[in-house]
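Following: one structure in structure tokens, then a few remarks.
The values are calculated or read from the model by the stated rules, or taken from the named source; none is laboratory data. Please read all numbers here as calculations on a predicted model, not as lab measurements. With ideal geometry, Cβ positions are generated from the backbone for all residues, glycine too; neighbour counts draw on all protein chains shown.
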Amino acid sequence: MDDQQLVRLSKRLSKHLRHDPAAAGLVLDEAGWVEVDAVLTALGMSREQLAEVVARNDKRRFSFDGTGTRVRANQGHSVAVDLGLPTAEPPEILYHGTVAAALPSIRAEGLRPMRRHAVHLSPDEETARRVGARRGAPVILRVAAGRMAAAGHVFQLSANGVWLTDAVPPEYLGPAVAQ
């Protein structure tokens, strides 16, 4: 499969496993899992195509369960799911990629989950840069995750290395660095 087809199928899979399963006639269980056969039928994909999207997605957005019979998005849902992720001790600093236009709101209110269930934070600047670049010229914010955890904020680590937390208050945000 060429890169363009991979991106197209990945976007379709994201839409239906993270945001609108009903539009494809899919039903996610409480943890976000859906039977592989149902996905193949609903999205008109082959098992090989699905396996390639899961394996090659640059952000590792999807996972198969241990049996390979179910698939789910690793995080980023706007539909109600409980991924069952354990709490984890974050590193001292995490990163968030955004665009300059969002900074006034972020400075005033901190990072909020918006349409998702949690704020997504990256373990490194390069990942945050790629995330921010989806909407324009990226700006990277440093997040004092260690201080947040010490103050009682809870963090979870998704299967693809994305750190999740309910919100990041403004006092835990460092200066923005344009990329």
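Among the residues of segment 72-91, are any surrounded by fewer than 18 Cβ atoms within 10 Å (Cβ to Cβ), at pLDDT 95 or above, more than 26 Å from E30 (Cα to Cα) and of a type outside the set (S, T, N, Q)?
yes
Which ones in segment 118-160 are part of a loop (DSSP other than H, G, I, E, B), buried (at least 17 other Cβ atoms within 10 Å of the Cβ) and under 13 Å from the mean Cα position of the chain (by Cα)?
A118, P123, S158
Are there any pairs, at least 6 apart or on different chains, whose C-beta atoms fall under 9 Å, with the first in segment 99-112 and touching a residue at least 24 places away in the same chain (Cβ under 8 Å) and the second among the hydroxyl-bearing types (S, T, Y) and surrounded by 12 or more Cβ atoms within 10 Å (Cβ to Cβ), and if so, which?
Taking only residues 6 or more apart or on different chains, the pairs are I106/T98; G110/Y172; L111/T98; L111/T165; L111/Y172; R112/S105.
As an exercise: evaluate K59 against (1) exposed (fewer than 15 other Cβ atoms within 10 Å of the Cβ); (2) assigned by TED's automatic domain parsing to the domain that holds V36; (3) in a loop (DSSP other than H, G, I, E, B) and give the number of the one condition it does not meet.
(1)
On the basis of being assigned to a helix (DSSP H, G or I), among the small types (G, A, S) and surrounded by fewer than 20 Cβ atoms within 10 Å (Cβ to Cβ), does A102 make the cut?
Judged against the criteria, A102 is a match.
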